[in-house]
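Below is one structure, written out as structure tokens, with a few remarks after it.
The values are calculated or read from the model by the stated rules, or taken from the named source; none is laboratory data. Every value quoted in this text rests on a predicted model; they were computed, and no experiment measured them. Cβ coordinates were reconstructed from backbone atoms using ideal geometry, including for glycine residues, and neighbour counts include every protein chain displayed. We work out accessible area using only protein heavy atoms, side chains counted, and drop any ligands, DNA or RNA first. Shrake-Rupley method; radii C 1.70, N 1.55, O 1.52, S 1.80 Å.
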Amino acid sequence: MRWLAGVGVGLGVVACGCGPVGGGDAGCVDPGPATDGDFDAPSAVAIAGDFLFVANASFRYACGDAVYAPATVTVVALADLSIVARLPTSAPDAQFLTAGPGAVWAVSSGASRFDGAVVWPDGDGAIDRFDVLSGGLPPAAASQTIAVPRGGAAAPLVGFPTRLALSADGARALAGSGTDGVVFRADLGAGAVDEVVTLFPSMGGLNSAAEVRVEAGRTHVLGFNSDQYCLGAGDDGALDTAALACADVGDSPDFIDGPLDLAVDAAGDTAWVVFSVANAVYRVDLSGGAPVFTGEKIPAGVAPNRIVRDAGADRYLVVSSASNALFVFTAGDAEAAVLAAFPPGTNPYDVAVDRGAFAPPGGRAFVPGLLTDDVSVVDLATGAIVAVLQ
């Protein structure tokens, strides 16, 4: 999902208040060339070993059309927050990072275009593995690349891979799609996508979308355009569709609430699901083996797009892109509170929690600013922004 300065592009959602989208010159402002700094439209952050990894989508909108520069992953040393590497990815639009045993996986969605009604994959995506080396050394390049091809003429909406979910044994990976309701299944040993599973079919040639997570020993799949939540019993990455328990967990029968991300509690019985269109986090009960919306909703700013569980404090952090804020709540709260506020136009896009050896006693969080080409460092004890990496 991309929420950009009032424009939601990807996952079939568009809400524009900034002039024409998909071409045209009336009222548009050309944002100029891509930055030559260390961060360029940073979209994702992940921590592994002694390093922070930052995915740079490296795109700009020039009068409604996306223009892509080569995407990269910036590597930051946690010890002193110095930039130690900037590594190329194998496809444009690096939007997602997943930390796994001994490696960080970057997903680049590939080029896409918007025709005013539908987002179309306009190039193949890719999954790149960056190994976390011993001895405090950053990776020099991707050690493995897996192509995620478009669907072609028979399935033109298939493409645009999103965040990767790793199986418990690290042998397989699953990734959703930002343009169609499919899940890509990859065999990491073979280095290839071996199946494309359709879970939420598109209707009338319009976009559908899927997001997938593997948490608390189970597989979780969200259907953005249908408000569906599918729960699988295993964490082996097989994605047995016959064994999925699926339910509508939205609260608006006539509208899309838009589930986009989730975090599972320590017991594995509750999922907190970010509904980006409804501007809230919903509590979904998983204790019976199938997802059930409890009716509990926690407001969390405008266009929330990411949630993580801060295990060190048993609470949840929510990134709200349009509110330019990092929110926090604990189970039982009536609403989320602002933990950190960013300057207008930042468009915060992800969050990674650091409670390791180099973090302050209360921990810290890293939040990328998609439109400001920087990464904010937030003190989790106070909410203060203690540094901005540029």
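If you go through the range 294-314 and keep only what is open to solvent by 40 Å² or more (accessible area, probe 1.4 Å) and assigned to a strand (DSSP E or B), you end up with T294, G295, E296, K297, P299, R309. Scanning the range 97-128 for residues that are more than 17 Å from the chain's Cα centre (by Cα) and surrounded by fewer than 20 Cβ atoms within 10 Å (Cβ to Cβ) returns P101, G102, R113, D115, G116, A117, V118, W120, D122, G123, D124. Taken over the range 214-244, the criterion of being touching a helix residue (DSSP H, G or I) at 6+ places or on another chain (Cβ under 7 Å) and open to solvent by 40 Å² or more (accessible area, probe 1.4 Å) is satisfied by A233 alone. Going through (1) under 28 Å from L188 (Cβ atoms); (2) surrounded by 14 or more Cβ atoms within 10 Å (Cβ to Cβ); (3) not aliphatic (A, V, I, L, M) one by one, F275 falls short only on (1). Residues that are open to solvent by less than 10 Å² (accessible area, probe 1.4 Å) and among the hydroxyl-bearing types (S, T, Y) within the range 176-209 comprise S177, T179, S208, listed in sequence order. Among residues that are under 19 Å from L260 (Cα atoms), part of a loop (DSSP other than H, G, I, E, B), polar (S, T, N, Q) and modelled with pLDDT of 95 or more, T179 is included.
Hey, among the residues in the range 317-345 that are among the hydroxyl-bearing types (S, T, Y) and open to solvent by 10 Å² or more (accessible area, probe 1.4 Å), which one's nearest to L262 (Cα to Cα)? It would help to see each step written out before you state the result.
Initially, the range 317-345 is screened for residues among the hydroxyl-bearing types (S, T, Y), giving 320-321, 323, 330.
So of that shortlist, the ones also open to solvent by 10 Å² or more (accessible area, probe 1.4 Å) come out as 323, 330.
Details: S323: 19, T330: 14 Å.
Only one residue fits best here, namely T330.
Could you look through the range 153-175, keep only residues that are crowded, with 24+ Cβ neighbours inside 10 Å and of a type outside the set (A, V, I, L, M), and pick out the one that is nearest to R213 (Cα to Cα)? Result: T162.
Open to solvent by less than 40 Å² (accessible area, probe 1.4 Å) and either among the hydroxyl-bearing types (S, T, Y) or part of a loop (DSSP other than H, G, I, E, B) (or both): does that describe T145? Answer is no for this residue.
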